[in-house]
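The structure appears right after this line, and notes come after that.
The values are calculated or read from the model by the stated rules, or taken from the named source; none is laboratory data. Everything quoted here is computed from the prediction, not taken from an experiment. Heads up, the Cβs are rebuilt from the backbone with ideal geometry, glycines too, and the neighbour counts pull from every protein chain shown. SASA here: full protein model, heavy atoms, side chains in, ligands and nucleic acids out. Shrake-Rupley method; radii C 1.70, N 1.55, O 1.52, S 1.80 Å.
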Amino acid sequence: MNGFELHRAAFTNKRNPDIHLSASTLNLWIAAPDVFVAEKLLGHRSAFGPAPARGIAIEDGCVDVLYRGKSLDEAIANAEKAFDRKVILSSPNTERERAMIAPCVTLAVGELAKFGKPEFGEDGGQMGGTLDCRCDGFTIPFVYYLDFLYPESGLIVDLKTTSRMPAVMSLSHQIQRALYQRARGNQ
């Protein structure tokens, strides 16, 4: 039995009940093996901080405008409410993260609108897929979910909501990009 089978629950989720890895799982192992073991193998979830909540809220706001046809103001209001539901403790950092939602949704929608309406799954959720990784004695799929897919232009946009523009793409983003490129070809 390989380690993935031994720790089956750690390598599955509601969207994909089969054993799998993802760019996020791999990046967690690289960045913090101790947190990986605590979360994935022992089932101890770490707190959901304001920065990831902001990122999810910004993406949801963009989807509201670009896919669902809501107004920018309505999408921003919904995104801020979603952030408030996820992050219950207030601090200067929480307020700083929340304050980034409106300008980030506005900027992202302005840039992404020129590509037209993105394609999503039947339920309006992200498009996804798998890429098989062959290991010594077993194969395990890597799953991926695409933020914004524009098939007519062959474009995949994975929305990153860092607070400042990096000069170089981070290793974690490079790993995710490499996975998408391998899985989707030259998109």
Sorted by accessible area (1.4 Å probe), largest first, how do H20, H7 line up? H7, H20
Whole-Hz ³J(HN,Hα) for each residue in segment 31-41, computed from phi via Karplus 6.51 cos²θ - 1.76 cosθ + 1.60 with θ = phi - 60°, x for glycine and proline: what do you get? 6, 8, x, 5, 5, 4, 4, 4, 7, 7, 9
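Would you list K114, K70 from the most to the least accessible area, probe 1.4 Å? Intermediate results must be reported in sequence, preceding the final value.
Values: K114 140, K70 70 Å².
Descending order: K114, K70.
If I stretch the segment between A38 and K86 completely, what's the gain in nm (0.36 nm per residue apart, minus their alpha carbon distance), one decimal? List each step's numbers first, then the result.
Working: separation 48, 0.36 × 48 = 17.28 nm, distance 2.18 nm.
Between A38 and K86, full extension yields 15.1 nm more.
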Taking mean projected area of the Cα convex hull in nm² straight from the coordinates, which label in [x] 17.7; [y] 12.1; [z] 10.1 is the correct one? [y]
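Across segment 14-116, how many lysine pairs, 8 or more positions apart or on different chains, have C-alpha atoms separated by under 25 Å? Please give the number. Mind dumping the intermediate values first?
Working: K14/K40; K14/K81; K14/K86; K40/K86; K70/K81; K70/K86; K70/K114.
So the count works out to 7.
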Under 5 Å between amide H atoms, partner at least 5 residues away or on a different chain: which partners does L146 have, H built in plane at 1.01 Å? M127, G128
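Per residue, how much accessible area does the chain show when a 1.4 Å probe rolls over the protein heavy atoms, in square angstrom?
Numbers: 11570 Å² over 187 residues.
With the other protein chains kept in place, the chain gives 62 Å² per residue.
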Expected 222 nm ellipticity per residue - DSSP helices of 4 or more, -39500 (n - 2.57), all of the chain, to 500: -13000 deg cm²/dmol
Which far-off residues, 5 or more places away or on another chain, put their amide H under 5 Å from the one on L155, with H placed in the peptide plane? Y150
Of the listed peptides 119-132, 171-184, what is their order by residue-averaged count of other C-beta atoms within 10 Å, with the highest listed first? 171-184, 119-132
Rounded to 0.05, the calculated FRET efficiency for the beta carbons of S153 and L131 at R₀ = 25 Å is 0.65
Got the relative contact order for the chain handy, in percent, Cα pairs under 8 Å and 6 or more residues apart? 20 percent
In the chain, what percent of the accessible surface is made up of carbon and sulfur (1.4 Å probe, ligands and nucleic acids excluded)? 54 percent
Using 0.36 nm per residue of separation minus the Cα-Cα distance, give me the extension gain between A99 and M165 in nm, one decimal. 22.0 nm
